[in-house]
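The values are calculated or read from the model by the stated rules, or taken from the named source; none is laboratory data. The structure displayed is predicted, hence computed values, not measured ones. Note that we place each Cβ from the backbone using ideal geometry, even for glycine, and neighbour counts take in every protein chain shown.
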Amino acid sequence: MAEIFEQIGEAVQNGDETTVVALVDQAMQGGDQALDILEQGLIPGIQVLGKSFQDGIAYLPDILFAARAMKKGVTLLEPELGKIDMPEKGTVVIGTVEGDMHDIGKNMVKLMLESNGFNVVDLGTDVLPEMFVTAVRESNADILAISSLLTTTMFGMADIIEALTKAGLRDSVKIIIGGAPVTSEFSDRIGADGFGEDFVSAIDLSEKLLAKPT
């Protein structure tokens, strides 16, 4: 890995937006390709920090600062990345259940999915079951990721799965769920395909589900 890519990754891990922007600009001016900067600098930086979070070494504020720094770098690269036919691992529809306005965890999962080559359709928060159904149908989604931070709203996940079943879409999409009150037992009970304990495991789960025959 080129030294500047390592420096970009370290700046992302440190949440240093100014340095990320300066280094990405320097790399581009030096002739490095946008895709290389993304895949060898920005993405490894957030991935290393994600692993540290999973190991209890890094904390949510660290991830949030790093995510903002990475976004600054990606924004600089977007004009060039838009010219590249980049392969995608699959399409994920993501949203927070009806009645729940929390989005930090959802946004982190979205960022990590995008960083790992997934196309993400973000429905936001307080999403009705029929909105999930429409998005899955229109995007031909491979995965539906549903989030809930409240015990009072988590049961809405079952309503979404039921709505997908009634629409004849359940068998065509993998469903993963997550959020503070959610457990693997709850996931099994409502008929989801998997449970992500945190945003890092949600990425691993998504890749494993798509690796299996549908």
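Per the listing VAL109, VAL127, the residue uniquely outside the structural domain of GLY50 (by TED's automatic domain parsing), under 30 Å from LEU81 (Cα atoms) and of a type in the set (A, V, I, L, M, F, W, C) is VAL109. Could you tell me whether any residue of the stretch 56-64 is within 20 Å of ILE104 (Cβ to Cβ), surrounded by 20 or more Cβ atoms within 10 Å (Cβ to Cβ) and not assigned by TED's automatic domain parsing to the domain that holds ASN116? Yes: one or more hits.
Does the stretch 105-126 contain any residue that is among the acidic types (Asp, Glu) and under 22 Å from ASP62 (Cβ atoms)? Checked against the condition, which is being among the acidic types (Asp, Glu) and under 22 Å from ASP62 (Cβ atoms), the stretch 105-126 yields at least one hit. So which residues in the stretch 86-107 are within 19 Å of GLY196 (Cβ to Cβ) and surrounded by fewer than 23 Cβ atoms within 10 Å (Cβ to Cβ)? Once the filter is applied, which keeps residues that are within 19 Å of GLY196 (Cβ to Cβ) and surrounded by fewer than 23 Cβ atoms within 10 Å (Cβ to Cβ), the stretch 86-107 yields LYS89, GLY90, THR91, ASP100, HIS102, ASP103, ILE104, GLY105, ASN107. The set of residues from the stretch 23-69 being over 21 Å from the mean Cα position of the chain (by Cα) and among the β-branched types (Val, Ile, Thr) comprises just one member, VAL24. Output yes when any residue across the stretch 73-81 is modelled with pLDDT under 90, out of contact with any strand residue (DSSP E or B) (no Cβ under 6 Å at 6 or more places or on another chain) and among the aliphatic types (A, V, I, L, M), and no when none is. The answer is yes; a qualifying residue exists. Condition check for GLU78 on (1) free of Cβ contacts under 8 Å to residues at least 12 places away in the same chain; (2) touching a Gly at 6+ places or on another chain (Cβ under 8 Å); (3) acidic (Asp, Glu): one failure, at (2).
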